[in-house]
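Undergrad: Got a structure for you, questions after.
The values are calculated or read from the model by the stated rules, or taken from the named source; none is laboratory data. All values derive from a computational prediction rather than experimental measurement. A quick note on method: Cβ atoms are made from the backbone with ideal geometry, for glycine too, and the neighbour counts reach across all protein chains shown. Please note that ligands, DNA and RNA were not included when accessible areas were found on the heavy atoms of the full protein model with its side chains. Shrake-Rupley method; radii C 1.70, N 1.55, O 1.52, S 1.80 Å.
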Amino acid sequence: MDLCRFRYVFGPVRSRRLGLSLGVNNVPYKTCSYSCTYCQLGRTTDLTIERRPFFEVNQVVNEVHAFIDRFDSEVDYVTFVPDGEPLLDIRIGETISRIKEVTSKPIAVITNSSLLYLEEARADIAYADLVSIKIDSVLCRSWKAVNRPHPDLKLENVLAGVEEFAKSFKGRLVTETMLVEGFNTSAEELEQISSYIRKINPVKAYIAVPVRPPAESYVKPPEPSKLVEAYTLFTKALGEDRVELLNLPEPPEYKVYGDSETWLLNLVSVHPLRLNYAVRALERIVEDPLAVIEKLKMSGEIRVVIYEGEDFIVRAFNNQRLLK
Ligand code: SF4
């Protein structure tokens with residue numbers, strides 16, 4: 001299979017949690033049950049809780065297979081981390097089982113956890129090796145303000161679904177809590193989030209802050225003192241070895257797979273990339289990385305935006321190339 005034609009896999013992306021992770025994009029752009037204010041993909045355009053089929057399982061599995069065949073030793077995880085909520089894909093369970101037939105690489109799913117109240121959704125990811133669940137808030141007001149959920153979702157159902165899943169899941173369960181200054185950072189709220197997380201007993205609780213351009217410009221990372229307070233409360237509840245801060249940019253991408261333009265477009269569609277990281281990666285295979293970036297900018301396929309004083313490349317979705 002021609003690596004330039006990949007539609008459903010991207011990266012691999014280096015991350016502190018998963019090492020080198022091959023991304024699987026099993027949901028079309030911005031189909032999500034949440035429209036988080038900090039979302040690095042922009043506002044949700046299809047806010048839904050209806051699980052449905054999106055892509056052909058065979059095609060997704062064939063792409064994962066083709067990539068792994070060629071770069072097997074380099075990939076640590078195959079990770080479902082799409083342009084929206086992965087559990088909206090009603091075929092995710094089948095896709096995971098089929099990927100497990102073609103590779104022994106561990107499979108991770110990064111979910112916002114809003115659909116775990118559905119038994120079928122819990123069953124679909126029961127055999128993943130790692131599941132990361134989002135718990136930004138356990139209070140209705142801030143949950144609505146930060147995650148902007150689909151109106152038919154109820155926080156008590158979401159939390160009950162998370163607890164149910166945590167009880168039965170045999171793989172590695174981790175949580176991720178994104179802190180947004182002034183929205184879910186009060187001492188009372190942090191205390192409640194950390195005790196809730198203690199109850200579901202993950203192997204690791206990650207505390208994240210917005211480090212990439214968010215959907216809403218008013219989103220800001222918390223002050224360092226607030227981050228220390230959150231860390232302290234979490235470690236009191238869970239112990240130091242089970243809490244980690246994700247307040248730094250992910251390590252840079254160094255290796256480009258396939259054609260430079262496709263690699264960059266696929267990556268930035270799910271993962272805004274620091275401009276200087278992109279240049280460092282691209283200069284390994286092209287003479288003039290800035291020319292590649294400029295060409296995509298001129299064609300309207302990417303944009304460069306500034307967040308917290310740094311330049312990021314983001315995908316411009318209103319002018320999407322079909323090869324994505
Ligand atoms: S951050 Fe995740 S859950 Fe929130 S809107 Fe974006 S894709 Fe959906």
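Undergrad: With a cut-off of 13 Å, note down the residues of region 175-202 whose backbone N falls inside the zone around a label point 7 Å from the Cα of Glu223 toward its beta carbon.
TA: Only 181-182, 186-187 fall inside the zone, counting backbone N under 13 Å.
Undergrad: Same structure, new question: Would you kindly state how much longer the chain becomes between Glu56 and Thr235 on full extension, computed as 0.36 nm times their sequence separation minus their alpha carbon distance, in nm to one decimal?
TA: Once the chain is fully extended between Glu56 and Thr235, it gains 60.1 nm.
Undergrad: Could I ask something else about it? Could you tell me the convex hull volume per residue, in Å³, taken over the Cα atoms of the chain?
TA: In the chain, the Cα convex hull volume per residue is 123 Å³.
Undergrad: May I ask which residue of Thr232, Ser73, Tyr29 lies farthest towards the positive end of the charge dipole of region 3-246, with charges of +1 (Lys, Arg) and -1 (Asp, Glu) on Cβ and the Cα centre as origin?
TA: Ser73
Undergrad: With respect to the cross-link table entries Lys105/Lys297; Lys134/Lys204; Lys144/Lys226, which display a Cα-Cα separation exceeding 24 Å?
TA: Working: Lys105/Lys297 35 Å; Lys134/Lys204 12 Å; Lys144/Lys226 21 Å.
In this structure, Lys105/Lys297 exceed 24 Å between Cα atoms.
Undergrad: Please state the charge dipole magnitude for region 273-319, taken about the Cα centre, from unit charges on C-beta atoms (+1 on K and R, -1 on D and E), reported in debye and rounded to the nearest 20.
TA: Using only the charged Cβ atoms, the result is roughly 160 debye.
Undergrad: Given the DSSP H assignment, sum -39500 (n - 2.57) over each helix run of at least 4 residues in the chain and divide by its residue total; what's the result at 222 nm in deg cm²/dmol, nearest 500? Walk me through the numbers on the way to the answer.
TA: Working: 10 runs with 112 residues, N = 324.
Computed ellipticity for the chain at 222 nm equals -10500 deg cm²/dmol.
Undergrad: For region 3-246, what is the accessible area per residue in Å², given a 1.4 Å probe and the full set of protein chains? Intermediate values should be presented prior to the final figure.
TA: Values: 9910 Å² over 244 residues.
Accessible area per residue, region 3-246: 41 Å².
Undergrad: What nm distance separates the two modelled labels at Glu287 and Ala126, each placed 7 Å from Cα along Cα→Cβ?
TA: A separation of 5.8 nm, rounded to one decimal place.
Undergrad: A further question follows. Please list 24-35, 295-306 highest first by mean number of surrounding beta-carbon atoms within 10 Å per residue.
TA: Details: 24-35: 22.9, 295-306: 15.2.
Most protected by this proxy first, the peptides run 24-35, 295-306.
Undergrad: Just to confirm, what accessible area per residue do you get for region 273-319 at 1.4 Å probe, in whole Å²?
TA: With the other protein chains kept in place, region 273-319 gives 56 Å² per residue.
Undergrad: With a 1.4 Å probe and all protein chains left in place, how much of the accessible area of the chain comes from carbon and sulfur atoms, in whole percent?
TA: Accessible surface attributable to carbon and sulfur in the chain totals 48 percent.
Undergrad: Would you mind calculating the relative contact order of the chain from Cα pairs under 8 angstrom and at least 6 residues apart, reporting the percent as a whole number?
TA: It rounds to 18 percent for the chain.
Undergrad: So what is the orientation-averaged projected area of region 62-196, using the convex hull of its C-alpha atoms, in nm²? Write out the running numbers ahead of the final one.
TA: On the way: hull surface 35.9 nm².
Mean projected area for region 62-196: 9.0 nm², to one decimal.
Undergrad: Highest mean first, what order results for 162-168, 86-92, 152-158 on Cβ atoms within 10 Å?
TA: So the order, starting with the most tightly packed, is 86-92, 162-168, 152-158.
Undergrad: Per Stokes-Einstein, at 4 °C and 1.567 mPa s, what whole-number D in µm² s⁻¹ belongs to region 273-319, with the Kirkwood radius over Cα pairs as the hydrodynamic radius? Can you show the working numbers first?
TA: Details: Rh = 11.0 Å.
For the chosen part, D equals 118 µm²/s.
Undergrad: Give the relative contact order (percent, whole number) for region 38-105; include only Cα pairs under 8 Å separated by 6+ residues.
TA: Details: 34 pairs, mean separation 33.2, N = 68.
Once divided by the residue count of region 38-105, the mean separation gives 49 percent.
Undergrad: Would you mind working out the magnitude of the charge dipole of the chain relative to its Cα centre, with +1 at each Lys and Arg C-beta and -1 at each Asp and Glu C-beta, to the nearest 20 Debye?
TA: Charge dipole of the chain: 180 debye, to the nearest 20.
Undergrad: Multiply the residue gap between Ser97 and Asp311 by 0.36 nm, knock off their C-alpha separation, and tell me the result in nm, one decimal place.
TA: Gain in length upon complete extension: 73.1 nm.
Undergrad: A further question on this structure: So, by mean Cβ neighbours within 10 angstrom, what's the order for 199-207, 51-59, 128-136, 114-122 with the highest one leading?
TA: Top of the packing list down: 128-136, 114-122, 199-207, 51-59.
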